[in-house]
Structures are given as structure tokens and as C-alpha cells.
Amino acid sequence: MLQVASLSKRYGHLAALSEVSFAIRPREVLGVIGPNGSGKTTLFECLGGVLPADSGALYKITPGAPSPRNDARPLTSAERIATVFYLPDAIAPWPEQTVRWVLDFTAGYFGRAQTGSYAATPSDVIGRLDLEPLLDSRIGTLSKGQRKRALLAVGLLTPQPILLADEPFEGLDLRQTREIAQTLRHHAAAGRTMVLSIHQISDAARMCDRFVLLSGGRTRGEGTLDDLARLAASRAEVSAGTDLEEIFLALT
């Protein structure tokens, strides 16, 4: 298990992240949800090592340790690279190369993406994301939704046990969103941990095991839907059992 502990990041007078803390558990789909401007992308860039955090750290906690807090230690740079793969939103790498080339390059560069007894292969990922018709198209010519699926395939072919995907459903229609949600759940069931930045609460509610509520650069709640419902009820905001959208509005 990993623990994000008191992560903070400022841009001059603007506090993009303030003491953000939450846990990342093995084999889960964790949804980091919040509106645009809540700090989700900055958080992912800090976790992925793209940006240096001003304070705080990503800690590794040994499962079953008698005293988890005492056993926790910050990940080294090498451990972070081996543990976390960050897939940004709205990028178009290798625009002149075909989808086939990009997937072959990814598989060749990283080697076989093995999670437990399951290995992600280009053919499996291509089939699940319906990329066959796009294989000979150049990345730079793809629509937003097509590019999103192609780059998600890149992320799924990487071997790191944790995949950070920023807005994986942005630009997708309802059918594509459901198909990608099923694909991500398939990989999570096989042992991959998915941490997804999502601003559409309905998408998060359909597929995530747990949630981190982010607003104004701060953690406003963490847990399952039931956990968050109890938290909202304890603050006399809403009754337990309401939907995620109501809980988010109550806690933020």
C-alpha cells in the first residue's frame, strides 16, 4: 500500500495543493474526483514525478506490518519510476507515427507488462479498446476520443503496478466510456491498481471502488461510497445512502 502524506504545491501565492493525504491500495480503482481547477492534474504530476512537491511525500507501507506508521518510508526516485506510470490528459506524442508503431514501441521499450499471472499484450489491449481500425492512422490525425483510447492502450501496456490516468473518459461518448471502464476494471481485477482523475461524478460512481474528494487543492473526504455517506451524515449535511454527487456537494 502507498500513502500520499501531506502533499503541498504552490505557484507563487496560489496554493494548488494543501496537505493532501490519502491511501492507494493494491488492486483497486481509486477515483480522485473534483471540479476543474481543484488540483487533480497538479496532484497527478507530483505523484508521477513530473513536478516536485513543495512538501509531503509518497510513502510505501508494508502490508500486515504491526505498526504501519513506523514501517512507512518515502519512495525513492527509482522506486517511484518502477511503481507508478503517469498518463497525462490532452497529449499527442509521436504525432507522425501510427498507432501500431506507438503500441509496438511501448511494448518493446518496457517489455512484457506482467501483473500476477496476467500479462497485458498489444493484441489483448487492441481488442478491448477497439483499436484495430485505427492501427495504421497517425496519432496526430486522431480525434480526441480516438487519441484517448490509443494513449490509454499505451498506459495499459506499461509494467508499473500503479497507473495514474488523468481524465481517462474525457472526449468519449457513453458507449466508449462504458467499454473503457470495463477494460480498466478487467486490469484491476488482474492485479493492476488504477488511480483515475475524474471530474464527471457519474462516471466515477459507476466504476470506482473508493474515492478521494478534492476541492480547492484539499482532501475533503476519502473512502467508499458508504464511508463518505457516513462522513456527510456525521456533519449533519445529508442522510446516509444518498448518491455520490450529493455527498460531494455536501462535503465540499
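The values are calculated or read from the model by the stated rules, or taken from the named source; none is laboratory data. Just so you know, these numbers come straight off a predicted model, no measurement behind them. Backbone-built Cβ (ideal geometry, glycine too); neighbour counts: all protein chains shown.
What to note about this one:
- Screening L164 against (1) over 17 Å from Q176 (Cβ atoms); (2) touching a Leu at 6+ places or on another chain (Cβ under 8 Å); (3) not in a strand (DSSP E or B) leaves a single unmet condition, (3).
- Counting only strands (runs of 3 or more DSSP E) wholly contained in segment 177-249, the ones carrying 3 or more residues that are more than 21 Å from R128 (Cα to Cα) occupy 210-215, 218-223.
Yes or no, residue by residue, for (1) over 20 Å from the mean Cα position of the chain (by Cα); (2) closer than 27 Å to R80 by Cβ; (3) free of Cβ contacts under 8 Å to residues at least 24 places away in the same chain:
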site	(1), (2), (3)
L174	no, no, yes
E179	no, no, no
I201	no, no, no
L244	no, no, no
A250	yes, no, yes
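Let's see how each residue does on (1) at pLDDT below 95; (2) within 21 Å of F44 (Cβ to Cβ):
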position	(1), (2)
L135	no, no
P161	yes, yes
L164	no, yes
L174	yes, no
L184	yes, yes
H187	yes, yes
A190	yes, no
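- The single condition among (1) in contact with an Asp or Glu (Cβ under 8 Å, 6 or more places away or on another chain); (2) under 20 Å from L87 (Cα atoms) that R27 does not meet is (1).
- Condition met for E19 (charged (D, E, K, R) and assigned to a helix (DSSP H, G or I)): no
- Complete set of residues in segment 1-24 that are within 13 Å of the chain's Cα centre (by Cα) and either at pLDDT below 95 or of a type in the set (S, T, Y) (or both): none
- Some residue of segment 76-91 being of a type in the set (A, V, I, L, M, F, W, C), farther than 25 Å from I198 by Cα and either modelled with pLDDT of 95 or more or outside any helix (DSSP H, G or I) (or both): no
- Odd one out for G216, checked against (1) of a type outside the set (D, E, K, R); (2) over 17 Å from F44 (Cα atoms); (3) in contact (Cβ under 8 Å) with a residue 24 or more places away in the chain: (2)
- Within segment 123-137, being outside any helix (DSSP H, G or I), buried (at least 16 other Cβ atoms within 10 Å of the Cβ) and over 21 Å from the mean Cα position of the chain (by Cα) holds for L131, L135, S137.
- Taking each residue of segment 27-47 that is of a type in the set (S, T, N, Q) and looking for partners that are crowded, with 20+ Cβ neighbours inside 10 Å with beta-carbon atoms closer than 8 Å, six or more apart or interchain, yields S38/L214; S38/G217; T41/D166; T41/S197; T42/K9; T42/A16; T42/L17; T42/G217.
- Test for L30: is it closer than 30 Å to P122 by Cα and either under 19 Å from the mean Cα position of the chain (by Cα) or not in a helix (DSSP H, G or I) (or both): yes
- Meets criteria (touching a strand residue (DSSP E or B) at 6+ places or on another chain (Cβ under 7 Å), modelled with pLDDT of 95 or more and surrounded by fewer than 18 Cβ atoms within 10 Å (Cβ to Cβ)) for G223: yes
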